[in-house]
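The values are calculated or read from the model by the stated rules, or taken from the named source; none is laboratory data. Just so you know, these numbers come straight off a predicted model, no measurement behind them. All Cβ positions, glycine included, derive from the backbone under ideal geometry; neighbour counts span all protein chains shown. Heads up: the accessible areas ignore ligands, DNA and RNA and are worked out on the full protein's heavy atoms, side chains in. Shrake-Rupley method; radii C 1.70, N 1.55, O 1.52, S 1.80 Å.
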Amino acid sequence: MAMRTDAPTRREQILKEAARLFAERGFHGVGVDEIGAAVGISGPGLYRHFPGKDAMLAELLVGISGQLLTGAKRRVADADGNPSERVLDSLIEGHIDFALDDRPLITLHDRELDRLRDSDRKLVRQLQRQYVELWVEVVRAVYPSLSEPAARSAVHSVFGLLNSTPHLGRPGSLPGRATTAALLHRMARGAFEAAGA
C-alpha cells in the first residue's frame, strides 16, 4: 500500500488508537473515554466523528478489507505487461506492509469480527473473498500446475504465515522492519514454490 505523507485526520487518529486499544484489551474492555483520551479529546467528543464504538469497529474491519483489495488491484494493474512473478512479489510486499504496519487490525479481526452487524460482517467476507481470488489468479499464472483449490489453499496458508506478525513479539523486539519483511517475503515465496513443486 502507498505510504501517506500528509498528517492523519482526527478521524484516522481515532481509528488508529481505537484499533490499538481494542487489540490490547478487547472491544468490551475499552470505553469511549479511553479512546478519546488517547487522541486528546473527551469521550463524548468522539460522537462528532462516530456514532459509537460499533461504528469504529465496522469502519476498521470493513476499511482494511477494502484497502487490501484496492491495493492489490492497483498492484496488478501497475504490473501490466510484467511477468507474473513480479506481480506475485508485489502482492506479497503489499500484504507484508499490512502485516507489519497494521498488526492491531489483524488481532482485532481475529477476536472481534463476530461483533460486527451481519451486513458489515458479510461485506468484510465479500471483500476478503475477492482479495483471495485475485491472489489465486496470480498464483496460478506463476504455478500453472496448481489446481484452483490447491492455489486457494496455498494463498490462505501464506496469509496465515504473514498474518502471524502479532505473535512475533513487540515491534521493538523484531530484528528490524526491513529484515523482517525480507524474511516474510522469502517464506511466502518458499511456501508457494513448495505448493507448486
Residue by residue through segment 135-153, note down the ones that are in contact (Cβ under 8 Å) with a residue 24 or more places away in the chain and either in contact with a strand residue (DSSP E or B) (Cβ under 9 Å, 6 or more places away or on another chain) or more than 17 Å from Ala99 (Cβ to Cβ) (or both).
Val138, Val139, Ala141, Val142, Tyr143, Ser145, Leu146, Ala150, Ala151, Ser153
Please specify each residue of segment 100-144 satisfying the condition of being farther than 28 Å from Ala178 by Cβ, at pLDDT below 95 and among the hydroxyl-bearing types (Ser, Thr, Tyr).
none
Only unsatisfied item for Ile41, checking (1) open to solvent by 70 Å² or more (accessible area, probe 1.4 Å); (2) at pLDDT 90 or above; (3) assigned to a loop (DSSP other than H, G, I, E, B); (4) in contact with a helix residue (DSSP H, G or I) (Cβ under 9 Å, 6 or more places away or on another chain), is (1)
When segment 120-177 is examined, which residues are found to be loosely packed, with under 15 Cβ neighbours inside 10 Å and not in a helix (DSSP H, G or I)?
Pro144, Ser145, Ser147, Ser164, Gly169, Arg170, Pro175, Gly176
